Amino acid sequence: MKRYLAIESLMCILLAVCLLSATAMANENNAVMIAKEILDTTDVQGGIVVHLGCGDGTLTAALHANDRYTIHGLEADPAKVAEARSYIRKQGVYGTVSVERHSGSSLPYSENLVNLVVVQDAGKVRMDEIMRVLAPGGVVCVWRRGKWDKAVKAWPGNIDQWTHFLHDASNNAVAEDTVIGPPRSLQWVAPPLWLRSHETPSGIQASVTAAGRLFYFFDEGLIGITDERLPDRWSLVCRDAFNGRLLWKRPLGSWGWRQWNLERYQGKDWTTMRSARTDVPNANQRCIVADGDRLYTTLSYRVPMSILDAATGKTITTVEATRGTSEILVSNGIVVAYAEQEPEAAARRRGAKNETKATLVAVSGRTQKVLWNKQIGQIRPLLLAIDKGRIVYLSGRDLVALDLMDGNNLWKIQPKQASPKTLVTVSDTIVMQGGKSVSAYDAADGRLLWQKTVPPIGGGEGDDLFVIDGLVWRGMLSVDEEGKPMRKSPHALVIGWDLRSGCEKKRILVKNLRSPEHHHRCYRNKATVRYLISSYEGAEFLDFKADNHSQNNWLRGACRYGMMPANGMLYVPPDQCFCQPGAKFLGFAAVMAGRNNASEVVADQQRLEKGPAYGAVTDTQSDSVGNWPTYRHDSARSGATSASIASNVAVDWKITLGGRLTAPVAAEGRLFVAETNEHTLNVLDMATGKTLWQFIADGRIDSPPTIYRGMVLFGSKDGRVYCLRASDGRLVWRFLAAPDDRRIACFDQVESAWPVHGSVLVDNGTAYFTAGRSTYLDGGIRVYGLEPATGKILHKGLLEGPHRNVNKDRDLAFFTLGANSDVLVSEGGYLYMRQKKMTPELKEVEIDVLSSKGAQDVGMHVFSTAGLLDGSWYNRTFWMYSKRWPGFQLANQAPKTGQLLVVGDEKTYAVRAFYRRNVHSLMFFPGREGYMLFADYNTNEPQIVGEAGSRKPLKWLPQSDFSRARGNEMRKLESEAFGLDKMIGYTRAEPPAWKNWLDVRIRAMVKAGEILFVAGPPDVLDSKDPFAAFEARRGARLVVVSAADGKKLSETPLESPPIFDGMIAAGGCLFASLEDGSIISLAAK
């Protein structure tokens, strides 16, 4: 197996002293020159850089040579940390470049994470510790004897790359990787949280990895809205494979459904279509191949193959002889492109036959010269492979072998197997399978070795074929407890046959491994030499060599592509599915098996760090109704205040802070708002917008702080909670909520594996917060309750798993009982984290599951199935104010649900965007009907037809029934839905108190007194610039309506839309954080 080898030997020692003089570092120009020398010497062209002993930050900032780098500086001296932060902020790059205090012997990073460590002062850190955190191929750079010395971390022999869609040119989708195992830990996560849609072709295609880089095609179109008028936005993306850092991307030309299936979509009623997510030609997955420092791809659909520099994405050359390329394979430095060309229109007019011309073209990867070009018959997708210098393919009924070097025919036969789905060639053997037949041939002469009839396997795994340690394995077969095949079953059987003889050598039956209530995912399974990784419902690991089987329904790959095991990790792209709401992990994730070298958990008595203001806070905070002291006003996250605001307002002041802001909070004449990516909390004078003080945390701040009795409490992505004195921003205390100080990568920055949301919940005098991302990862989510004034631990809890014990129990399809982290909510004497319910003492309350789709009556509270901070508006997610956790059910027909809502004493106010649907998904068509703003009485609970006590549902939306996309068959509103799949979902039996249609995309909403304020961009769609309104190029409007009856009272233009849920009412004014990085005050005219 080809490995990416380190080219430098390791250094033996580090100089534990300052190795750059203060004089050299004081000069900014010198720093730029030194940074260039370091980057040139190490040839690190992007990724995460750690600057150890970073001093005043001048070199730290200079190392950020372009947008491909994230720089994390570590410095022992607190004064130098402050100096470095000030300098970097002035350069306008803080966040992407950040600095924090560090004086220990251990580096605060996950292993294999960092691309470059620049050592200015090593302090107590030893070389072996630096090598631990370096990614394979990563570099440590030390100033020594007048020059920069480097050492490169070698590529481990126990992990593997994945250079083609099916691993390599042989089509054997098996990673020679012994590190990958059942996922229990997160290495990195990257955007987006969701793919664009379930109703358009899947938005991740052709992902591969080589030399520490990850490549894929990605549709960056608008998430959640499925509309023919909104074009695809496909790009070729490159990320670092070990930390997910975006290295480069470049837009594709013509790529999407308009190129491969125009007639299916153009001019059609999209509410009557279904399953468009699977409309991806198989050959698309073969249009990217990575080989060391080269990337072979097509930059539009069916165009000539281009050769790119893998590090920069720049085109080296385009091979015109490969015009019409649909599949690419690389073996031994030779690139083979399969191309199809149809006769041009002019030729057809001259009477040319409408026949597709198919060719194989071989190109030298290094010289880019065409080695040979051969016209052949058409090859069915994925039935082309290379091994040991032989190209093997199936064309029509002919199985053909060519010499890789010159294209000459080696042999040709007509196998009995007429329609195989998969062809693999390894170890001088060709194996084909499809339907009920598996056959093997000698690759030297085409001679049949064996053939057998097998039970059919349905779904995406029906195409699976793996060769591992000389045995041939198909996908998993559903069987009963005795091992007899059946159509669906939780029990899985795999059989291994000898590659050359076909004799059965091994049989493995695993009970309760899968969830047969649903279907196998619409993509192939993958394997390593240890595990078959099935995707019936999630990522089921079947252990070939022991009993470490595992069911992981909380993971889901992208339709048609799936997941990828490589580099010691399982790469899980974002997906478009609705299953496991609230528990399925979101984003593009790289997950790992449990860590063998996990650091020790920090003792509770060592978690608290006291600051200079400890014990010196004066409680000056009143209980004035004019305050908005926490996220969404109160611990119930209502988004409403009893304080009144004038119905006719105008912009009073506007201050630009820059970057992405949180929503503000306000108390005692001060406005608090965080620059999320800059790790910075700003405190402004409410009357003027003047900055009073700033505080920089050690990580992102994703939501606003809580102001409590003269203290400012907030969490950070560094895994800590901070308490500041509200009067001047001095640190009172900070608390390490993470089990230990270990950083991973998240959205191109360094974060704790256990981040804390910015918004701390203060309820009955206790400050509550969570640390973690998922109950399934890194030991689960820690929950704490502290005494605000002192940081003393009052309560603590743990939300973990559940990790099912295969062979004893299993998860059902559609839902799991785990959860992702979210901002905490308090109502009715309990704490809530989405569907998780806890007592004030942080004991989890067990909740009965009411249906096979995961419905639970958890208790009345505000929640979002996507998470309260997720502003994606993915169309299969929603907010709800209810006692019912809906599980795997839609709720667009229900009361008190929508894309955003606020809760008053008597009514809930919500915005409905997705009021149309097809079989699987809710839909919205911009610039037509607008957005529905409506109110429901809080007693009007959602219901679902078929559950005991449900009543006849009420028709109240423009579309009540939906097409099943099967002729004229319709699904009626009154159809039974409780515990059933793809039904209407939750409905209402009582009408709304009122409803109103607005031509505003309502992204922020506040109730103040008896007035409702809503704001957002206009609901327009310009055919020349269809994304303009969605991307803040058409301004915005603030609309004021009566909370009593929904009647419009006034309207105010805004220069920029508010951020999602980014508006508050305090001190007689409105305040809003805007998309352009500014914050505004709106006061009575």
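Nothing in this text is a laboratory measurement; each read-out follows from the coordinates by a stated rule. Everything numeric in this text was worked out from a predicted model, so none of it was measured. Cβ placement follows ideal geometry from the backbone for every residue including glycine, while neighbour counts extend to all protein chains displayed.
Here is how the numbers come out for the structure above:
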quantity	calculated
Nearest-ten-degree value, helix 78-90 long axis tilted from longest Cα axis of the chain	80 degrees
DSSP-defined antiparallel bridges as percent of all bridges, region 22-152, nearest 5	20 percent
Karplus 3J(HN,Hα) series, Hz, for region 194-208 with 6.51 cos²θ - 1.76 cosθ + 1.60 (x for Gly, Pro)	10, 6, 4, 6, 7, 10, 10, x, 3, x, 10, 9, 6, 5, 9
Other-chain or far-sequence residues with amide H under 5 Å of Trp628's (modelled H)	Ala666, Ala667
Aspartates and glutamates whose Cα lies under 14 Å from that of Lys907, excluding same-chain neighbours fewer than 8 positions away	Asp936, Glu941, Glu990, Glu1010, Asp1045
Label-point separation, Asp728 to Ala76 (7 Å along Cα→Cβ), nm	2.9 nm
Reciprocal mean inverse distance between Cα atoms of region 25-160 - Kirkwood radius, Å	14.8 Å
Normalised per residue, the volume of the convex hull around the Cα set of region 980-1047 (Å³)	147 Å³
Sites Glu976 and Ser501 - FRET efficiency at Förster radius 51 Å, r taken between beta-carbons, to 0.05	0.40
Relative contact order of the chain, defined on C-alpha pairs under 8 angstrom at six or more residues apart (%)	9 percent
For Glu751, distant residues with modelled amide H under 5 Å away	Ile744, Ala745, Cys746
Spread of Cα-to-Cα distances over 20 Å intervals beginning at zero, given as percent, for the chain	12, 42, 36, 10, 0
Residues in region 744-767 reached by a label modelled at Arg709 [backbone nitrogen below 13 Å; 7 Å Cα→Cβ]	762-767
Cleavage-rule hits, trypsin sites (Lys or Arg not before Pro), region 713-772, DSSP coil, Cβ neighbours within 10 Å at most 16	Arg730
Which of Glu1031, Glu969 has the fewest Cβ neighbours within 10 Å, and the rest in rising order	Glu969, Glu1031
Those lysines that a straight Cα-Cα span of less than 21 Å connects to Lys147, excepting residues fewer than 8 apart in one chain	Lys36
Gained length - Ser364 relative to Thr272, 0.36 nm times residue gap less alpha-carbon distance	28.3 nm
Using θ = phi - 60° and Karplus 6.51 cos²θ - 1.76 cosθ + 1.60, couplings along region 285-290 (whole Hz; Gly, Pro as x)	5, 9, 9, 10, 9, 10
Estimated 222 nm signal from helices in the chain, with DSSP H stretches of n ≥ 4 weighted -39500 (n - 2.57), rounded to 500	-1500 deg cm²/dmol
Residues with amide H under 5 Å from that of Ala866, placed H, sequence gap 5 or more	Phe878
C-alpha long axis of helix 28-42 to longest principal axis of the chain, angle in °	30 degrees
Gap separating the Cα centres of region 131-180 and region 654-727, nearest whole Å	40 Å
Solution diffusion estimate, µm²/s, Stokes-Einstein, region 358-407, Kirkwood Rh from C-alpha pairs, 25 °C, viscosity 0.890 mPa s	215 µm²/s
Label-point gap, in nm, between Gln621 and Arg144 - each point 7 angstrom along Cα→Cβ	5.3 nm
Of all DSSP beta bridges in the chain, antiparallel share, percent nearest 5	90 percent
Label-zone membership for region 485-501, site Asp809, 7 angstrom Cα→C-beta point, backbone N under 18 Å	490-491
Listed residue pairs exceeding 29 Å between alpha carbons, taken from Lys584/Lys808; Lys545/Lys836; Lys124/Lys153; Lys357/Lys416	Lys545/Lys836
Spacing of the two label points (7 Å from each Cα toward its C-beta) at Asp848 and Glu481, in nm	2.7 nm
Efficiency of FRET from Cβ geometry, Ala948 and Glu228, R₀ 45 Å, rounded to 0.05	0.60
Cα convex hull of region 174-592, projected area averaged across orientations, nm²	20.5 nm²
Size-normalised alpha-carbon gyration radius of region 726-839, reference 2.2 N^0.38 Å	1.20
Whichever lysines have a C-alpha closer than 21 Å to that of Lys249, once near sequence neighbours (fewer than 8 apart) are set aside	Lys314
Sites Ala1032 and Thr315 - FRET efficiency at Förster radius 25 Å, r taken between beta-carbons, to 0.05	0.20
Sites matching trypsin sites (Lys or Arg not before Pro) across region 762-793 that sit in DSSP coil, with at most 13 neighbouring C-beta atoms within 10 Å	Lys792
